[in-house]
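Here is the structure we will look at.
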Amino acid sequence: MPADNQLFGYELPFPRQDLYVALIAVLAFIPAVVLLNALVNGVMNLFSTKKVNPRGDTIIFKDFRGNVPKTSTEVFFRKAKFWDGAGKDAPPAFHVDGVQYLHVKVGGLYWVAVTRDNVSLSLATELLMRLYWICRDYFGYVSEEVIRKNFLLVYELLDEVVDYGFPQNSSTERLKQFVLMEPLIVKPRIPGGGTMKLPGGATGPTEVIKSVLDTDRTGAKEEIFVDIVEKLTAIFDANGHQKSSSIVGAIQIKSYLSGSPPIRLGLSENLILGRRDQRMLSSYGSDADVVMLDTYSIHESVDAERFDQERVLELVPPDGHFALMNYRSSRSFRPPFRVYPLVEDDMYSADKLTLYLRLLAEYPATKTATGVEITVPLPRSVQRVHCETDAPNEAKLLALPGKGAFEQSAEWRERDRKLVWSLKNLKGGREHTLRCRLTVEPGTVESTKRDYGPIMAQFVLPGKPSASGLDVRYMKILKEEKNYAPSRWFRVVAMANSYQIRPH
């Protein structure tokens, strides 16, 4: 009988049972590692990335593995442009003949990943959006013209971000160490009115248009931009009563500080984070005096323990655009808009209806909303629509188009079966009414009353306070240098995420 510390006649420096346990652990671990690697490889395979402009021209094409059809660009654009032949937008992911097409549309361009594997949609979407933000960090903004004039730099960035189909580096700060090519800066064409007209017809708040390379390589002005961007979700009934609401927000930063000095931001002192801080409510006069966030996540460089105790975010900011904090709140908020729909029978015709839309801007008169759009889906029984707005456009009266004057228009998009009411530069405290005469098929008056809607509202509303009440009390740049005074810019923007009025 061999001793406990011997194996095949050899003396071991440890008990033989320990060796058996180690061998069993290794035999169990190797298959697990092989399986894990197989899963990761299957998820992260992204073979082709390309950007296609609205006309269908391929601007950038990068084939990493050569196993997707050469006609994939034409197949994607045909499917995306004519989805189901009904003029509807294609879903973010679809497959044709065993090939997966995953895409996002931003900056007036299609950003597409093509693969034969069953990859994660969220991973592909995040990678495509990171590519977009990397291009924005380098070029200041993204459009077809910018991409075309910097196509060599875009290809070099793609080579660093993705290697043989595997994402490896999506940090602008790290990419600056390897990609040394200078971007060709293209001045954007921005019409007047305080908003930037983005490619593809979208409108949004004015963005800073500046490359992250400007400060370090050209000695441009040092500055930092802090935005609180909140997307509002709300459901109202026909009487304007708010049935449900939620807010998804983010503190976004764009840093153009040389040397990347640390920054410190102090948030609202009455901030309550999650359910574990609910006990703090008793220390405030009422619920209205607090800012409550149900869930949140902060940048990996922030000291989470200090943030919990002092409501202070301190970190060394990376170059370019990044999200310092993401959060969600389910507390009710004061809605910036209310829409009251009303449908009446026409006294002169049995086959006509009159639809009234009354819009109230319930925010202070010091604020001005841009890109306000009210969309009303109408049933197929509606044959014709005639719209009348309640006031002429100030731009036409003052002969100053694009100078911040109020404008409104309404159109019936028969192909989409939607009535769209657009208002530009809408100041707070105002009320506007749209009157529409609907001609319907005989005998469908009552069904038309029941089947229209739900009404959707889109808007961009800059200005304090935020809908959640969250605010940045102060920001310090921790750089001990005499006469160092970079510019600090703060902004609060509320946008519609799903702002819905249900008339029935």
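The values are calculated or read from the model by the stated rules, or taken from the named source; none is laboratory data. Note that this is a predicted model, so its numbers are computed, not measured. We place every Cβ from the backbone using ideal geometry, glycine too, and count neighbours over all the protein chains shown. In case anyone asks, the SASA skips ligands and DNA or RNA and just uses the protein heavy atoms, side chains included. Shrake-Rupley method; radii C 1.70, N 1.55, O 1.52, S 1.80 Å.
Results, tabulated for the structure shown:
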| quantity | calculated |
| --- | --- |
| Qualifying positions in the stretch 202-244 - modelled with pLDDT under 65 and part of a strand (DSSP E or B) | 203, 204, 205 |
| Complete set of residues in the stretch 94-122 that are part of a helix (DSSP H, G or I) and touching a Pro at 6+ places or on another chain (Cβ under 8 Å) | 121 |
| Residue tally, condition aromatic (Phe, Trp, Tyr), closer than 23 Å to residue 114 by Cα and assigned to a helix (DSSP H, G or I), over the stretch 129-181 | 4 |
| Selection count, the stretch 480-504, where residues are open to solvent by 60 Å² or more (accessible area, probe 1.4 Å), over 26 Å from the mean Cα position of the chain (by Cα) and under 20 Å from residue 224 (Cα atoms) | 5 |
| Among residues of the stretch 164-175, those that are in contact (Cβ under 8 Å) with a residue 24 or more places away in the chain and closer than 19 Å to residue 129 by Cβ, counted | 8 |
| Every pair of residues 6+ apart whose Cβ atoms lie under 8 Å, when the first sits in the stretch 480-492 and is under 25 Å from residue 248 (Cβ atoms) while the second is of a type in the set (Lys, Arg) and surrounded by 10 or more Cβ atoms within 10 Å (Cβ to Cβ) | 492/464 |
| Counted residues, the stretch 345-363 - those being hydroxyl-bearing (Ser, Thr, Tyr), surrounded by fewer than 16 Cβ atoms within 10 Å (Cβ to Cβ) and not in a strand (DSSP E or B) | 2 |
| Boolean, residue 410 is in a strand (DSSP E or B), within 21 Å of residue 233 (Cα to Cα) and either open to solvent by 20 Å² or more (accessible area, probe 1.4 Å) or among the aliphatic types (A, V, I, L, M) (or both) | no |
| Residue 101, sole failed condition from (1) open to solvent by 60 Å² or more (accessible area, probe 1.4 Å); (2) at pLDDT 80 or above; (3) not small (Gly, Ala, Ser) | (1) |
| Selection count where residues are at pLDDT below 65 and of a type in the set (Val, Ile, Thr), scope the stretch 264-281 | 0 |
| Boolean, residue 342 is surrounded by 14 or more Cβ atoms within 10 Å (Cβ to Cβ), under 30 Å from residue 455 (Cβ atoms), touching a strand residue (DSSP E or B) at 6+ places or on another chain (Cβ under 7 Å) and among the hydrophobic types (A, V, I, L, M, F, W, C) | no |
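Residue by residue, here is whether (1) assigned to a strand (DSSP E or B); (2) more than 26 Å from the chain's Cα centre (by Cα); (3) more than 28 Å from residue 441 (Cα to Cα) holds:
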residue	(1), (2), (3)
292	yes, no, yes
302	no, no, yes
318	no, no, yes
331	no, no, yes
339	yes, no, no
365	no, yes, yes
370	yes, no, yes
386	yes, yes, no
